[in-house]
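Read-outs throughout are calculated quantities, based only on the coordinates presented, and are distinct from any laboratory measurement. All values derive from a computational prediction rather than experimental measurement. Neighbour counts are summed over all protein chains in view; Cβ atoms, including those assigned to glycine, are modelled from backbone coordinates with ideal geometry.
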Amino acid sequence: METVFSQLLTKYIHSKDINVYSMAQFCGADRANMYKYISGDRKPPSLELVRKMSAFMQLTPNECDSLLEAYNIASVGAKTYYRRKAILNLLTNFENYTISESSLTTVPPSRSIPLAEVTVLNGQTKLLQYIFDILMLESSKKNGYVRLLMPPDFPAVIEYLVSLGYHEHTLKIEHIFCLNNAEQSFHHEQPYNLECLRKILPLYVCGCSYNSYYYYKDSPPDESLLSLFPYLVLTSENALIFSESLMKGILFHNTASVSLYQEVFQKCIQTVLPLATKIPDVMSQLCYLQKLDLKTKNTLMFEPVPCMTYFMPESFLEKYVYKDSDFRSSTLELLTLFFSQAKENFKNSKTSFIFTEQGIRNFLETGRIEEYPSNIYAPFSTKDRLYLIRLFMKTCDPSQMYLLRDHSFPARNGIYIYITPNNGYLMIPVANESLEYSQIFLDLSEPGLLTDFYDFCSYLKDDCCYSYKDAIGRLENILLEYQ
């Protein structure tokens, strides 16, 4: 049976006039098996064999990458492969999805909103300008409140909101959009639900109060007022509905119409579910972590530095939490309780730690653990840094320690994952230095996203890490460098 791999392999063999028997000899493979690889009746047993085949055929780097990708697709299936690839791209290129002052969309001065109670809008340029106008006007209010009923597929609108939210931290945005719960929820080889998450992440980290909600295509909000123009941008004074093509719309600038659409939105939000709940400050994060089911035996954690909460002596709290902090007493009390519960649960759980060499080195150089905000504790001493890593190595058994071979993950300021089959969260650095907190938690609620992230972490654990023996050896060598 032909596969995407066998089809591409056959194409290269024919185009480059390859002698199959000679290639089998070069690769150390049985000729009969090589013909089965070509026909699709059998899959090569390893990526290493595929690399040898590529070398014999003298493929270009792009051709080699295409053949390796085809092999991976044939191995796990297209849907699983592209889901994993999408999450990998999100983690390794996270800086491309965040924002900086220089990357923000320039916010033009707001124009005066027309006094007409109803304005018909034609053309994408005109419609976008009016969307920008009403968003700018709302963000300038003391407690601006924007409600969106639209997919995150309009980058100009999302980027404009990110720019407004970066400067106006009190701006509140509630966003409802549709996700796909069908197995084939892909768009141009991109998993649609993961793409939606990627597109809205800048709104979560820019500094404003942003929350997203979802519904599925087979259970849309029942609202006849949105049948002709299905998308809505709603503020305290304006309601703008528009078409999927962003070519036609109507702006309502009167109290009766705006109130009507506010009722519509409120009705919709009662029938949808939160996609991911933003948890910004450290006290709320600790309370949230206490409520998580840490006794789950299938817990996977992806962080450049393994979570040290399970191993850290409680004496470190008194030693390193800043003594001049206004919240030192309450922070110590909450951390002490959390540490105690976490260690007790760790004894009965089976948490797997997926981490990187770069993360270990960064911790040994800085004394910082990014899961805890840097403004509440002092950097650990070099002696204590080495002690913690050795304690981690001593405490974990081979089924818990997974050192990644891949060096492309950022050592700091990246996305960290805590995931079980039933719940999980992402820890994400904020992109606004003027905020009092340095990272947020996103509590994942949508079942499909939970499944995708759990599958990805399982894949990292099973297929992308050194053996336990090799991991211990590499960690020992790193520790020797810093002693």
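Assuming R0 = 35 Å, can you tell me the calculated FRET efficiency for the pair Ser227 and Thr125, based on Cβ-Cβ distance, to the nearest 0.05?
That pair, Ser227 with Thr125, gives E of 0.85.
With the Cα gyration tensor of segment 328-372 giving a ≥ b ≥ c as the square roots of its eigenvalues, does the rule (a/c under 1.5 for rounded; else a/b larger than b/c for prolate; else oblate) give rounded, prolate or oblate?
Oblate, since a/c reaches 1.5 and b/c is not below a/b.
State the Kirkwood hydrodynamic radius of segment 4-76 in Å, one decimal place, computed from all pairs of distinct Cα atoms.
Evaluated over segment 4-76, this radius sits at 11.9 Å.
Could you give each residue of segment 244-258 its phi-based ³J(HN,Hα) in whole Hz, using Karplus coefficients 6.51, -1.76, 1.60 with θ = phi - 60°, and x for Gly or Pro?
4, 7, 6, 9, 9, x, 9, 9, 9, 10, 9, 4, 5, 5, 4
How large is ³J(HN,Hα) for each residue in segment 377-391, as worked out from phi by the Karplus curve 6.51 cos²θ - 1.76 cosθ + 1.60 (θ = phi - 60°), to whole Hz, x for Gly and Pro?
Those phi angles translate into 8, 7, x, 5, 5, 4, 4, 6, 4, 5, 4, 5, 5, 5, 5 Hz.
Report for the chain the percent antiparallel among DSSP-assigned beta bridges with both residues inside it, nearest 5.
Taking every DSSP beta bridge within the chain, about 65 percent pair in antiparallel fashion.
So what's the net charge close to Thr80: Lys and Arg +1, Asp and Glu -1, counting the other residues with Cβ under 10 Å from its Cβ?
+2
One-quarter of the Cα convex hull surface for the chain, in nm²?
Result: 27.5 nm².
Please report, in debye to the nearest 20, how large the charge dipole of the chain is about its Cα centre when each Lys and Arg carries +1 at its beta carbon and each Asp and Glu carries -1 there.
Roughly 920 debye for the chain.
Give the long-range amide H neighbours of Gln439: residues separated by 5 or more places, or on another chain, with amide H under 5 Å away, using H modelled in the peptide plane at 1.01 Å from N.
Sorted by chain and number, the residues that satisfy this are Val430.
What percent do you get for the relative contact order of the chain when only Cα pairs under 8 Å and 6+ apart count?
Averaging sequence separation for qualifying contacts and normalising by length gives 14 percent for the chain.
Given Cβ point charges of +1 (Lys, Arg) and -1 (Asp, Glu) and nothing else, what value in debye, to the nearest 20, does the dipole of segment 4-76 about its Cα centre take?
With Lys and Arg at +1 and Asp and Glu at -1, about 160 debye.
Identify the residues of segment 371-397 with backbone N under 20 Å of a label point that sits 7 angstrom from the Cα of Ile472 along the Cα-to-Cβ direction, or state none.
Flagged as within label range: 386-397.
Please compute the modelled spin-label separation between Lys350 and Lys142, points set 7 Å along Cα→Cβ, answer in nm with one decimal.
That separation, rounded to one decimal, is 5.7 nm.
Using amide H atoms built 1.01 Å from N in the peptide plane, name the residues 5+ places from Cys208, or on other chains, whose amide H lies under 5 Å from its own.
Amide H neighbours of Cys208, under 5 Å, 5+ apart: none.
Can you give the convex hull volume per residue for the Cα atoms of segment 280-482, as a whole number of Å³?
118
Considering the options Ile73, Pro421, Thr235, tell which one lies farthest towards the positive end of the dipole of the chain, charges being +1 on Lys and Arg and -1 on Asp and Glu at the Cβ, about the Cα centre.
My answer, from the dipole projection, is Ile73.
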